[in-house]
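Presented below is the structure to which this report refers.
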Amino acid sequence: MPKEKTSPVITYLVRKRIKTGLKYALLILLAVFFLFPVVFMIISSIKENELQVIMDMSSLRAFIPVGQLGVQNYSDVFTSLNFGQQFYNSLLIMILTVLAGLLVNSMIAYALARLRFRGQNILLSIIIALIIIPFEAVAIPLLLIVNKLPWFGGATTWLDTYHVQIFPFIADAFSIFLFYQFFVNIPKDLEEAALIDGASLFGIYWKIVIPLSRPIIATVAILQSLNSWNRFMWPLMVTRGEDVRPLTVGIQAFFGQSPRLWGDLMAFASMITIPVLIVFLLFQKWFVRSVASTGIKG
Amino acid sequence: MAVQKELITISTHRQKESVLAWLFSAPAIILLFLFLIVPFLLAIGMSLTNMRLIPNPNVPTQFVGLQNYLRLFSDDVFKKALINNFYFVIVVVPLQTSFALGLAMLINEEIKGINFFRTIYFSPVVTSMTVVSIVWTLLYNPGEGLINAFIQAISFGRLGPYNWLTNTKLVFPAIMLMSIWQGVGFQMVIFLAGLQEIPSSLYEAAEVDGANGWQKFFNITLPQLRNTMIFVVISTTILAFKLFDQVKVMTNGGPSNASMTTMLYAVETAWGRLRAGYASAITVIFFIIVLAISIAQRFLTKEKGNGINA
């Protein structure tokens, strides 16, 4: 009789074990699916023999560092493809776009959320409406505009410059909206106290609101950095030489040359990807939070 | 007297506030005006002309009315591009959305090491599409590519090898698979945030009533995720219409326009063939589609809000 009593418990435990086991099997299988291209890229990038990269592809050797290994591909990319210059370009464009964007977008959002002025509601509605216009819809006329814009020192075109890759992306309606939503929800007490103490409105923005806004600053900075680092269509349209072009356009140009040097290409690809992956791993929580916050938009 | 003085200080304060507000807003307004609103209006204007990207003295710019739009209707490449965008939406949106929801539910469980898996599933999202396209081109290599090798191995040599990127029927599905791989982590995170907002008391109550897993999914999870679902579906649809990076890098629209998309065609028309007016007409159509989708989203999401209020 007692046997009958225990057996359901045992079957329950066994079932639970099997269920957990299956869950982990599924999790691992999916991890393999999401990781294999990246592992393949990195492993191939340290294989110095171009033929071997291709030959190893039809077997599991594609994921195993075998054969003639080294950093030859990496140094090739540095010396013959001017990787350093293009890395610097991407980094500079990203940093300037994000910093200027944080300032410009948070300032207008602060005015909309906290100050009172005529036309405020209309301005807010216009900004929200602008979220709908994708950059892709204005890229072609914008190309004509920037082609004819003047710049300091007598330049008559913005083509092949850094600023043509920065200015169009500083002000961003969606970033303004994210800042606005955050500012509206900060309790007003602190600001009111500061106002009574005689602080200026700019002082309140700079010394009280901005320090309280670290979460939203991180969110906007991450989203804008990723967009800037990965941007491809616009720099492809407005840059021709290596001098100012970013990594995405650089690797595409190299990819277009024949014969394709897969080892070098994978080293190039790894060097674009690995810095971002490291930053992502360090600030994982913030990355995930940023992406999750875009969902609030609806 | 005193009251009047106070009123004056209030009104000067108001004025100061107003001036400051416009000063704070000015940089963003100027930039948005110059780089978004002006080119947007210009796109509409240009689409009614035969403007060239580089002025050609032999072909002066002329107003041509709706000619560009009429021509688009009989442009087979444009039709192919538009069909491809819709094809992408019909296949990728349901697949990627359900995959993302499945992943979100899987990683929502509090089991050991789950953070590790979350990180891995999300990592393709931070990888640039240009890089992803190049790596996958190698994976799709026609002869001894890894994907061909894998398919041959699991089918015991009965299937493949396929010419993924040079076969007109396979090229778009190949690009779709890669796009799902890269993008699904994004939606997964949005679904995860949505799942975590569902009150656990709902599930507990259902368990008391003896509901099974499927019943809980269909009667609690899905209805509670309604707005998140609408957002994910709409944003994936809009992304599908923006499709550019992958096709530009991997195939440049080929073979024989089998992977042409609206954005790629617009850019090729303006940049490659210098027909800026005609390209603007394409982007205007593109915008009208995106606008219609966005309006649909607001309409659908609002409905839910009214439902709650009622």
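Residue-level check: of (1) surrounded by fewer than 17 Cβ atoms within 10 Å (Cβ to Cβ); (2) closer than 30 Å to A:Ile43 by Cβ, A:Ile128 misses just (2). If only residues of segment B:290-310 that are modelled with pLDDT of 90 or more and at the interface with chain A (Cβ under 10 Å from one of its Cβ atoms) are counted, the one that is farthest from B:Arg52 (Cα to Cα) is B:Ile293. The sole residue among A:Ile93, A:Ile128, A:Ile132, A:Ile122 that is part of a helix (DSSP H, G or I), of a type outside the set (Phe, Trp, Tyr) and touching a Ser or Thr at 6+ places or on another chain (Cβ under 7 Å) is A:Ile93.
Condition (residue is at the interface with chain A (Cβ under 8 Å from one of its Cβ atoms) and either of a type in the set (Asp, Glu) or surrounded by 15 or more Cβ atoms within 10 Å (Cβ to Cβ) (or both)) applied to segment B:150-164: is it met by at least one residue? Within segment B:150-164 (the criterion being at the interface with chain A (Cβ under 8 Å from one of its Cβ atoms) and either of a type in the set (Asp, Glu) or surrounded by 15 or more Cβ atoms within 10 Å (Cβ to Cβ) (or both)), the answer is no, since none of the residues qualifies. Within segment A:53-71, the set of residues being more than 10 Å from chain B (Cβ to nearest Cβ) and either surrounded by 17 or more Cβ atoms within 10 Å (Cβ to Cβ) or in a loop (DSSP other than H, G, I, E, B) (or both) comprises A:Ile64, A:Pro65, A:Val66, A:Gly67, A:Gln68, A:Gly70, A:Val71. For segment A:135-156, the set of residues classified as in a helix (DSSP H, G or I), of a type in the set (A, V, I, L, M, F, W, C) and more than 10 Å from every other protein chain (Cβ to nearest Cβ) consists of A:Phe152 only. Name the residues in segment A:157-205 that are over 31 Å from the mean Cα position of the chain (by Cα) and either assigned to a helix (DSSP H, G or I) or among the charged types (D, E, K, R) (or both), would you? Residues satisfying the conditions are A:Lys188, A:Asp189, A:Leu190, A:Glu191, A:Glu192, A:Ala193, A:Ala194, A:Leu195, A:Ile196, A:Asp197, A:Leu201, A:Gly203. Being surrounded by fewer than 19 Cβ atoms within 10 Å (Cβ to Cβ) and of a type in the set (Phe, Trp, Tyr) is a property that holds for B:Phe86.
Just one of B:Ala81, B:Ala28, B:Ala100 is closer than 30 Å to A:Ala111 by Cα and within 14 Å of chain A (Cβ to nearest Cβ); which is it?
Selected residue: B:Ala28, the only one of B:Ala81, B:Ala28, B:Ala100 that is closer than 30 Å to A:Ala111 by Cα and within 14 Å of chain A (Cβ to nearest Cβ).
Taking the listed residues A:Ile210, A:Ile204, A:Ile196, the one that is at negative phi, out of contact with any helix residue (DSSP H, G or I) (no Cβ under 9 Å at 6 or more places or on another chain) and hydrophobic (A, V, I, L, M, F, W, C) is A:Ile196, with no other qualifying. Which of the residues belonging to segment A:250-289 are touching a residue at least 24 places away in the same chain (Cβ under 8 Å), under 20 Å from the mean Cα position of the chain (by Cα), surrounded by 20 or more Cβ atoms within 10 Å (Cβ to Cβ) and at the interface with another protein chain (Cβ under 9 Å from one of its Cβ atoms)? A:Phe268, A:Ala269, A:Ser270, A:Ile272, A:Thr273, A:Phe287, listed by residue number.
Please indicate, with yes or no, whether at least one residue in segment A:102-110 is free of Cβ contacts under 8 Å to residues at least 40 places away in the same chain, within 27 Å of the chain's Cα centre (by Cα) and surrounded by fewer than 22 Cβ atoms within 10 Å (Cβ to Cβ). Checked against the condition, which is being free of Cβ contacts under 8 Å to residues at least 40 places away in the same chain, within 27 Å of the chain's Cα centre (by Cα) and surrounded by fewer than 22 Cβ atoms within 10 Å (Cβ to Cβ), segment A:102-110 yields at least one hit.
Would you say A:Met41 is within 11 Å of chain B (Cβ to nearest Cβ), under 26 Å from B:Ile151 (Cβ atoms), touching an Asp or Glu at 6+ places or on another chain (Cβ under 7 Å) and in a helix (DSSP H, G or I)? Here the answer is no, as A:Met41 does not meet what is asked. Can you find even one residue in segment B:194-204 that is within 30 Å of B:Leu66 (Cβ to Cβ) and crowded, with 16+ Cβ neighbours inside 10 Å? So far as segment B:194-204 goes, no, none of its residues is within 30 Å of B:Leu66 (Cβ to Cβ) and crowded, with 16+ Cβ neighbours inside 10 Å.
What's the number of the condition B:Leu222 fails, among (1) surrounded by 13 or more Cβ atoms within 10 Å (Cβ to Cβ); (2) out of contact with any strand residue (DSSP E or B) (no Cβ under 9 Å at 6 or more places or on another chain)? Evaluating B:Leu222 over (1) surrounded by 13 or more Cβ atoms within 10 Å (Cβ to Cβ); (2) out of contact with any strand residue (DSSP E or B) (no Cβ under 9 Å at 6 or more places or on another chain) leaves (1) as the failure.
Each row is one residue, and each column tells you yes or no for (1) aliphatic (A, V, I, L, M); (2) out of contact with any strand residue (DSSP E or B) (no Cβ under 8 Å at 6 or more places or on another chain).
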{"site": "A:Ile132", "(1), (2)": "yes, yes"}
{"site": "A:Ile140", "(1), (2)": "yes, yes"}
{"site": "A:Ala155", "(1), (2)": "yes, yes"}
{"site": "A:Thr161", "(1), (2)": "no, no"}
{"site": "A:Phe174", "(1), (2)": "no, yes"}
{"site": "A:Glu192", "(1), (2)": "no, yes"}
{"site": "A:Ala199", "(1), (2)": "yes, yes"}
{"site": "A:Phe202", "(1), (2)": "no, yes"}
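From the set of residues in segment B:52-102 that are part of a strand (DSSP E or B) and not β-branched (Val, Ile, Thr), which is modelled with the lowest pLDDT? So the residue we want is B:Asn56. Is it true that A:Ile166 is over 23 Å from A:Val288 (Cα atoms), more than 10 Å from chain B (Cβ to nearest Cβ) and at pLDDT 90 or above? Against the criterion (over 23 Å from A:Val288 (Cα atoms), more than 10 Å from chain B (Cβ to nearest Cβ) and at pLDDT 90 or above), A:Ile166 qualifies.
The values are calculated or read from the model by the stated rules, or taken from the named source; none is laboratory data. From a predicted model like this one, the values you see are computed outputs, not experimental measurements. Counting neighbours? That spans all protein chains shown, and the Cβs are built from the backbone with ideal geometry, glycine included.
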